[in-house]
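Here the structure comes first, spelled out in structure tokens, and everything after it is commentary.
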Amino acid sequence: MTQPRREILQKLTPVLTKRWLSPDAWKMDVYERLDGYAALRKALDVHPDDLIQLIKDSGLRGRGGAGFPTGLKWGFIPQGDGKPHYLVINADEGEPGTCKDLPLMTYDPHSLIEGAIIASYAIRANRAFIYIRGEAVHAARRLRNAVAEAKAKGYLGKNILGSGFDLELVVHSGAGAYICGEETALLDSLEGFRGQPRLRPPFPAIAGLYASPTVVNNVGTIASVPYIVLGGADWWKSMGTEKSSGPMIYSLSGRIANPGQYECGLGITLRELIELAGGMKPGHNLKFWTPGGSSTPLLTAEHIDTAMDFEGVAAAGSILGTTAMQIFSDQDCPVYATWRWLEFYHHESCGKCTPCREGNYWMVRTYRRILSGEGTYADLDTLQDTADNIFGRSFCGLGDGAATPVMSTLKFFRQDYLDYIEGRTAPRLSAKALVGA
Ligand code: L3W
Ligand code: SF4
């Protein structure tokens, strides 16, 4: 492992991660000693509209993948409409490679709860939900304990800190379906229905949970709020770039010396992040990588100097997504990796629309054929055609996400496919993979 240079180490900006290494930071007394709930006290003295303006001024953009401006979303909630308003926190982190929300909720659950109270106060919601993925049992337990602690301290419940503001916060565990990370499927699931995406518009801000105005925000987005309230919009904007402000938690996995979470200002490059992570694993050279999970177009070694902000990644032809950077080397096969992802998407497809339900089924079959040494040149055309007919024609983002690695690897690594078809690469799957395919 190579030691990062001093100037690279200075790129680390621990804000949301700053308490992660403090012993017992998930407990109320430790959290309070480390500035906890100071932002809430400050926020409750501010008019809700001014809080929304503060978040707008900070330039905070959603940390769940799409990067939608948070203050703008909060501002969409109609006021004086007589309907209840809801805050729903999307903690269903399921995008392959993504691991930023789970450690945050495990090591610093109160920061999310504090952000949830401030955000609910700003949008005038008296009920908030954290929808956490079913498998995250430990993090859910931590969150529930933290909610109980916050209630006991008067930070949740009736008349919070004497402000007259009431909030109930419910931690709801999903049942482990990837599609429930899509905001409208999440809302259906929360209402007790099978989780399937709804048609948008109307967006949740107008008709969300129980058809009422609802803000759906990612864990990282809401956990950023207390820091902005305490530090101010200018301080937040001093990190990141002009259009992508603030720090971001990048999760690095794969062929690097030190996988994990690295919090840096938006705009850091992949080259710098790899150096922070101690370099590539010995004997491995970068071949391809995902900027934001497997649903975002793959990039290659040529893109190592891509600035990891919304605009920089878009300029390189991809999407910042969840900043889940899976790093693959010259010892990894892009065809095999794509097959593994597709098996996942095929399994997780909710079946509502034909392109995704049928297309993924056919693509999985085709990959199994190629990887068993039975592929033909026509299979490559079939894959391209199927992916083209899924992308942009599916009901929700899962379809686009599934087609994306297929399209990227056909574009950048066609030779790797031909090597299977022409017999230069030994089959990775046995003929058994074709049975029932
Ligand atoms: C009111 C309008 N609200 C948009 C809201 C909308 C949503 C947000 C972003 O997909 C991305 C996807 C994946 N009035 C509005 C409006 N909104 N127009 O803004 O909306 P949208 O449609 O741009 O994106 P999305 O449907 O939320 C999310 C990418 O994330 N992704 C992430 C996957 C997985 C995770 C995870 O595991 N944590 O996030 C990966 O790349 O590709 O582009 O709230 O309501 N006119
Ligand atoms: Fe369901 Fe896939 Fe269609 Fe989304 S794209 S609605 S997951 S079938």
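Considering each of 291, 297 in turn, give the residue that is touching a residue at least 60 places away in the same chain (Cβ under 8 Å) and closer than 19 Å to residue 250 by Cα. Reasoning before the result, please.
Values: 291 fails: touching a residue at least 60 places away in the same chain (Cβ under 8 Å).
Unique residue meeting the criteria: 297.
Residue-wise test of (1) buried (at least 24 other Cβ atoms within 10 Å of the Cβ); (2) more than 21 Å from the chain's Cα centre (by Cα).
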position: 63; (1), (2): yes, no
position: 76; (1), (2): no, yes
position: 79; (1), (2): no, yes
position: 90; (1), (2): yes, no
position: 103; (1), (2): no, no
position: 108; (1), (2): yes, no
position: 115; (1), (2): yes, no
position: 121; (1), (2): no, yes
position: 127; (1), (2): no, yes
Review point. Given the conditions (1) surrounded by 21 or more Cβ atoms within 10 Å (Cβ to Cβ); (2) within 13 Å of ligand 2 (Cβ to nearest atom); (3) under 24 Å from residue 200 (Cα atoms), and given that residue 353 satisfies all but one, which numbered condition is not satisfied?
Key: (1)
Study note, to complete from the structure: Of 134, 164, 181, 157, the only residue that is within 21 Å of residue 209 (Cβ to Cβ), without any contact (Cβ under 8 Å) to a residue 40 or more places away in the chain and among the small types (Gly, Ala, Ser) is 157
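Across segment 57-77, which residue is farthest from ligand 1 (Cβ to nearest atom) among those that are in a helix (DSSP H, G or I) and among the charged types (D, E, K, R)?
Kept after step one, since they are in a helix (DSSP H, G or I), are these residues of segment 57-77: 57-58, 70-75.
Of the ones still in play, those that are also among the charged types (D, E, K, R) are 57, 73.
Values: 57: 19, 73: 6 Å.
Among those that are in a helix (DSSP H, G or I) and among the charged types (D, E, K, R), it is 57.
Quick check: anything in segment 95-103 hydrophobic (A, V, I, L, M, F, W, C) and over 25 Å from residue 297 (Cβ atoms)?
First pass over segment 95-103, keeping only residues hydrophobic (A, V, I, L, M, F, W, C): 99, 102.
Imposing the further condition that a residue be over 25 Å from residue 297 (Cβ atoms) reduces the set to none.
No; the residues of segment 95-103 include none that is hydrophobic (A, V, I, L, M, F, W, C) and over 25 Å from residue 297 (Cβ atoms).
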Point to revise | segment 177-213, residues that are within 22 Å of residue 136 (Cα to Cα), within 14 Å of ligand 2 (Cβ to nearest atom), assigned to a loop (DSSP other than H, G, I, E, B) and of a type in the set (D, E, K, R) | key: 182, 194
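Each row is one residue, and each column tells you yes or no for (1) crowded, with 22+ Cβ neighbours inside 10 Å; (2) not in a helix (DSSP H, G or I).
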{"site": "287", "(1), (2)": "no, yes"}
{"site": "293", "(1), (2)": "yes, yes"}
{"site": "311", "(1), (2)": "no, no"}
{"site": "318", "(1), (2)": "no, yes"}
{"site": "326", "(1), (2)": "yes, yes"}
{"site": "331", "(1), (2)": "no, yes"}
{"site": "340", "(1), (2)": "no, no"}
{"site": "343", "(1), (2)": "no, no"}
{"site": "346", "(1), (2)": "no, no"}
Exercise for review: For residues that are more than 10 Å from ligand 2 (Cβ to nearest atom), part of a loop (DSSP other than H, G, I, E, B) and not hydrophobic (A, V, I, L, M, F, W, C), tally how many sit in segment 379-403.
Suggested key: 1
**Study point:** Count - residues of segment 214-231 that are out of contact with any helix residue (DSSP H, G or I) (no Cβ under 6 Å at 6 or more places or on another chain), under 16 Å from residue 54 (Cβ atoms) and in contact (Cβ under 8 Å) with a residue 40 or more places away in the chain
**Key:** 3
Exercise for review: Only residues that are more than 20 Å from residue 332 (Cα to Cα), assigned to a loop (DSSP other than H, G, I, E, B) and touching a residue at least 60 places away in the same chain (Cβ under 8 Å): list them for segment 404-437, please.
Suggested key: 437
Point to revise | Criterion: over 30 Å from residue 164 (Cα atoms) and touching a residue at least 24 places away in the same chain (Cβ under 8 Å) - qualifying residue of 20, 26 | key: 20
Check your understanding: What number goes with the only condition from (1) within 16 Å of ligand 1 (Cβ to nearest atom); (2) assigned to a loop (DSSP other than H, G, I, E, B); (3) over 30 Å from residue 49 (Cα atoms) that residue 250 does not pass?
Key -> (2)
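If you check residue 163 against the conditions, is it over 30 Å from residue 347 (Cα atoms) and either among the polar types (S, T, N, Q) or surrounded by 22 or more Cβ atoms within 10 Å (Cβ to Cβ) (or both)? Write out each step before concluding.
Working: over 30 Å from residue 347 (Cα atoms): yes; either among the polar types (S, T, N, Q) or surrounded by 22 or more Cβ atoms within 10 Å (Cβ to Cβ) (or both): yes.
The answer is yes for residue 163.
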Exercise for review: Could you identify the single residue in 93, 135 that is of a type in the set (D, E, K, R), in a loop (DSSP other than H, G, I, E, B) and either within 26 Å of residue 247 (Cα to Cα) or away from ligand 1 (no atom under 16 Å from the Cβ) (or both)?
Suggested key: 93
Practice item. Scan (1) over 19 Å from the mean Cα position of the chain (by Cα); (2) buried (at least 17 other Cβ atoms within 10 Å of the Cβ); (3) at pLDDT 95 or above; (4) not acidic (Asp, Glu) for the single condition residue 71 breaks and write down its number. Key: (1)
**Study point:** Residues located in segment 300-335, provided they are farther than 20 Å from residue 239 by Cα, without any contact (Cβ under 8 Å) to a residue 60 or more places away in the chain and in contact with a strand residue (DSSP E or B) (Cβ under 9 Å, 6 or more places away or on another chain)
**Key:** 301, 303, 304, 315, 316, 317, 318, 330
Exercise for review: Determine if segment 78-87 includes at least one residue that is in contact (Cβ under 8 Å) with a residue 12 or more places away in the chain, touching a Leu at 6+ places or on another chain (Cβ under 6 Å) and part of a strand (DSSP E or B).
Suggested key: yes
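The values are calculated or read from the model by the stated rules, or taken from the named source; none is laboratory data. None of the values given here were measured: they were computed from a predicted structure. Reconstructed Cβ throughout: ideal geometry from the backbone, glycine too, with neighbour counts over all protein chains shown.
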